[in-house]
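A.B. asks: There's a structure below that I have some questions on.
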Amino acid sequence: MLKGIDPRLNAEVLYVLRAMGHGDLLVLADANFPSDQVAQSTVHGSLLRMDCTLPEAADAVLSVLPLDTFVDDFAGRMQVVDQPDEIPRVQEQVQAVIDRHEGRHRPMIGIERFAFYDVARGAYAVIQTGERRFYGCITLRKGVIGPDA
C-alpha cells in the first residue's frame with residue numbers, strides 16, 4: 001500500500017500508466033473481451049489486470065492519469081452491435097466517473113465493435129477488469145500535466 005495511491009492500482013498498472021506518454025491509448029476491458037490476445041499486439045505486449053468493475057477501474061486509473069484535452073477521442077466506448085446510440089448502464093457509470101474527474105461533461109466517442117478491436121491492438125496497453133456486464137470496454141487517451149505555476 002502507498003499513501004495517496006488508490007489500492008486498486010497494482011504495481012504493474014502503475015508502471016504502465018507512468019511509462020505512457022501524451023497521446024498514448026489505454027484500454028480498460030470487460031471480462032469477456034479477448035484481452036490477452038489483443039494485449040500481445042500492444043506496445044506493452046502483455047495483459048494487465050484489475051480485479052474490480054469497469055467504473056471502479058476507471059476511477060482508480062483517472063485518479064493518476066490525466067486525459068488528453070486536445071482531441072475528441074480522449075475516451076471511447078465500444079458501441080452496442082446494431083444499436084450504436086444505445087449507452088449501456090456500465091458505460092453511463094464510466095461517463096459519470098470521467099465527468100467527475102474532468103469537472104465537466106465530456107462525452108466518450110462511440111467506436112464500432114470490430115473497429116474497437118483494431119483500435120485496442122494499437123493501444124499502449126490493455127487492462128482486463130472483472131466487469132461482467134456486456135460492452136464494458138473503453139479507451140482512455142493520456143494527456144499532460146503542465147508545469148507548476
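The values are calculated or read from the model by the stated rules, or taken from the named source; none is laboratory data. The shown structure was predicted, so the numbers you read here are calculated from the model rather than taken from an experiment. Cβ: placed from backbone, ideal geometry, glycine included. Neighbour counts: every protein chain shown.
A.B. asks: When you go through (1) surrounded by 13 or more Cβ atoms within 10 Å (Cβ to Cβ); (2) in contact with a Gly (Cβ under 6 Å, 6 or more places away or on another chain) one by one for T69, which number turns out not to apply?
C.D. replies: Unmet for T69, out of (1) surrounded by 13 or more Cβ atoms within 10 Å (Cβ to Cβ); (2) in contact with a Gly (Cβ under 6 Å, 6 or more places away or on another chain): (1).
A.B. asks: Residues to consider are G45, G76, G21; find the one that is exposed (fewer than 13 other Cβ atoms within 10 Å of the Cβ), in contact with a helix residue (DSSP H, G or I) (Cβ under 8 Å, 6 or more places away or on another chain) and modelled with pLDDT of 95 or more.
C.D. replies: Result of the check over G45, G76, G21: G45.
A.B. asks: Something else about it: State which residue pairs qualify: first residue touching a residue at least 12 places away in the same chain (Cβ under 8 Å) and inside segment 91-102, second residue buried (at least 17 other Cβ atoms within 10 Å of the Cβ) and of a type in the set (V, I, T) in any location, beta carbons under 6 Å apart, and separation of 6 or more residues or different chains.
C.D. replies: V94/I138
A.B. asks: Of all residues in segment 1-18, which are surrounded by 16 or more Cβ atoms within 10 Å (Cβ to Cβ) and of a type in the set (K, R)?
C.D. replies: Result: R8, single match.
Residues are listed down the side, and each one gets a yes or a no for (1) touching a residue at least 12 places away in the same chain (Cβ under 8 Å); (2) not β-branched (V, I, T):
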| position | (1), (2) |
| --- | --- |
| P7 | no, yes |
| L14 | yes, yes |
| A31 | yes, yes |
| Q37 | no, yes |
| V64 | yes, no |
| L67 | yes, yes |
| F70 | yes, yes |
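Per-residue answers, yes or no, for (1) hydrophobic (A, V, I, L, M, F, W, C); (2) in contact with a Phe, Trp or Tyr (Cβ under 8 Å, 6 or more places away or on another chain):
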| site | (1), (2) |
| --- | --- |
| Q91 | no, yes |
| E102 | no, no |
| R113 | no, no |
| F116 | yes, no |
| Q128 | no, yes |
| Y135 | no, no |
| I145 | yes, no |
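A.B. asks: Could I ask something else about it? Which condition does L140 not pass, out of (1) more than 15 Å from M20 (Cβ to Cβ); (2) not in a loop (DSSP other than H, G, I, E, B), if it passes all the others?
C.D. replies: Condition (1) is where L140 drops out.
A.B. asks: Sticking with this one: If I go through segment 61-106 residue by residue, how many of them are part of a loop (DSSP other than H, G, I, E, B) and among the aliphatic types (A, V, I, L, M)?
C.D. replies: 5
A.B. asks: Being part of a loop (DSSP other than H, G, I, E, B) and touching a residue at least 40 places away in the same chain (Cβ under 8 Å) is the filter here; which residues of segment 107-130 pass it? Before you say what the answer is, go through the steps one by one.
C.D. replies: Going through segment 107-130, the residues part of a loop (DSSP other than H, G, I, E, B) turn out to be 107-108, 112, 122-124, 130.
Once the filter is applied, which keeps residues that are part of a loop (DSSP other than H, G, I, E, B) and touching a residue at least 40 places away in the same chain (Cβ under 8 Å), segment 107-130 yields G122, A123, Y124, G130.
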